[in-house]
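A short reminder: the numbers here are calculations on the coordinates, not readings from a lab. Quick caveat: nothing in here was measured; it's all calculated off a predicted structure. Every residue, glycine as well, gets a Cβ built from its backbone with ideal geometry; the counts of neighbours run over all protein chains shown.
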Amino acid sequence: MFVENSYDLPALLESQERFFFSQKTRSLDFRIAALQRLADGIEGRTDEILEALSSDLGKPGLEAYVSEVYFTLSELRYFLKYLPAWVKPRRAGNPFYFFPAKSEVRHEPFGTSLIVAPWNYPFQLSLSPLIASVAAGNCVMLKPSELAPATAALLEELIREAFEPGHVTVVNGGLEVGKGLLDLPFKHWLYTGSEKVGRLYAEAAAKHLAPMVLELGGKCPCVLDQNIDLDQAVERIASTKFFNAGQTCIAPDFILVPEALHDAFSEKLKVALEAIFVDPAAPDLARIVSPSHYKRLRELISDDSIKVGDDDESKLFLAPRILPRAGWDSPAMADEIFGPVLPVIAYRDIDAALTELQKLPSPLALYVFSREKSFQEKVASAIQSGAVCFNDAIKQATVLELPFGGVGASGMGRYRGRAGFEAFTYARAVTKRYFFKDFFAIKPPYKGQLERMRKLLK
Ligand code: NAD
């Protein structure tokens, strides 16, 4: 358990400011060495990380390895490879009247950066933004989620081993620590979590006039066309929706399926889930994070739901549910589901379905299953989203060359790979002139100069 508010947060921030102004983080070698130490730490403690994720969320080892450990390591390697090129200033051309001059864009760190993480991928969603911020040359204060305490404690150790004090610091705790952070003048803010709490962080960042990346959630629609490979669509939806027991911000939240395919889709999905979650003694399904989330999810489940396996409330294990013949006004359609519950809505007319979708807040991701490019693009252009993936789900977020983030209610700003480096730096305009005669100086008296200038600057 964490001892609430046992940190002197203003003093920690001051030590980070001092560290930043020592200019150590300006050195590319310093950043690379720090990131390499983090990579070594993760590689050396992989078993402990998997144990912590199992203790916090009952994450199956394979899911934890690919989505948390491997993904974080691959992002680290990506940064180590490309950072030397990214930090290089970009030359910029100059207008003729500036001659002679040199201009360039430099990618400068903001200084102190706050990263607040959620519980669902508590390792990866803490470290992925942290890697980008350190690579960009910032000092970082990281607050992991108190709902994944074993991972949070391990993160604190890993960070202490990899980074100098003042460079990167973990502050662990719940509400009190969170509230304490809101008062501090960080120079950059990145928050991942719910919309309600995200607003508090957005207000705090605005109070300090600091830039921020807001990574929120929402209901990610999954729209099926008539012309699809139904078996393969079902397979991909089953394996992505129920990954981490549906507690993924970009999981398909609900299915929109043509009326003629509704029954076949629901039946095939049931069969696919029975084949996946075949062993009731060791189900390959994570557990629900807390009793309150368990209760919330149970209340979304309609009487006619299709259940695969048995619930075990004492272990916060919720068996996968399909909610066939759901409607736009079903309880499960009111908010982001964030669990192993999947409403299936049948549609007769795609235009009417898209009109309904347009009434929902913009999601992080949109999924469209179709063989027809015209259908894919019709849905993609009608519905705004942070990402769109055709004929699969979730995996788009593992493409490090793609930026990750939301739009509207699902958030603002982007990170991951190069987008992360850009999010945590600002483009500083630098111009150098020399002590040469000014051929094109503008200086009074202006009399008689206007006509000459108008001809010259046409
Ligand atoms: P949450 O908002 O409850 O908590 C996130 C963080 O905020 C935690 O570290 C928590 O301690 C802190 N916090 C909570 N209340 C606070 C307060 N009053 N003051 C200060 N800090 C406070 O979110 P969660 O339940 O951990 O995450 C679930 C949500 O996050 C879902 O909506 C999901 O879609 C979204 N999410 C988004 C992404 C993304 O990358 N866009 C990724 C994962 C999850």
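What to note about this one:
- Value of [θ]222 nm, deg cm²/dmol, for the chain, DSSP H segments ≥ 4, -39500 (n - 2.57) each, nearest 500: -12000 deg cm²/dmol
- Cα centroid of segment 235-303 to Cα centroid of segment 334-393, whole Å: 17 Å
- With R₀ set to 22 Å, the beta-carbon distance separating Asp349 from Arg371 gives a calculated FRET efficiency near 0.65.
- Stretchable slack from Val430 to Asp284, in nm (0.36 nm times residue separation minus alpha-carbon distance): 47.1 nm
- In a reduced charge model with +1 at each Lys and Arg Cβ and -1 at each Asp and Glu Cβ, segment 105-241 shows a dipole moment near 420 debye about its Cα centre.
- The gain in end-to-end length when the Lys395 to Asp438 segment is fully stretched comes to 9.8 nm, 0.36 nm per residue minus the alpha carbon separation.
- Percent antiparallel among DSSP beta bridges (both partners in the chain, rounded to 5): 35 percent
- Mean separation of Cα contacts under 8 Å, 6 or more apart, over the residue count of segment 281-322: relative contact order %: 42 percent
- The chain: projected area of the alpha-carbon convex hull, averaged over directions, in nm²: 27.3 nm²
- Here segment 20-153 carries DSSP beta bridges of which approximately 40% are antiparallel, counting only pairs with both residues inside.
- Computed FRET value (nearest 0.05) for Glu356 with Ser194, which takes r as the C-beta separation and R₀ as 25 Å: 0.55
- Within segment 221-398, the ratio Rg/Rh, alpha carbon atoms throughout and Rh by Kirkwood, equals 0.94.
- Spin-label pair Ala380-Ala101: with each label point 7 Å from Cα along the Cα-Cβ axis, the two points sit 4.1 nm from one another.
- Distance between the 7 Å Cα→Cβ label points at Ser292 and Ala11: 3.1 nm.
- Debye intensity ratio in log₁₀ form over the Cα atoms of segment 317-403, taken at each q of 0.13, 0.14, 0.20, 0.23 Å⁻¹: -0.50, -0.58, -1.17, -1.42
- Solution diffusion estimate, µm²/s, Stokes-Einstein, segment 150-305, Kirkwood Rh from C-alpha pairs, 4 °C, viscosity 1.567 mPa s: 67 µm²/s
- Each peptide among 349-356, 395-402 gets the average number of other Cβ atoms lying within 10 Å of its residues, and from highest to lowest they stand as 395-402, 349-356.
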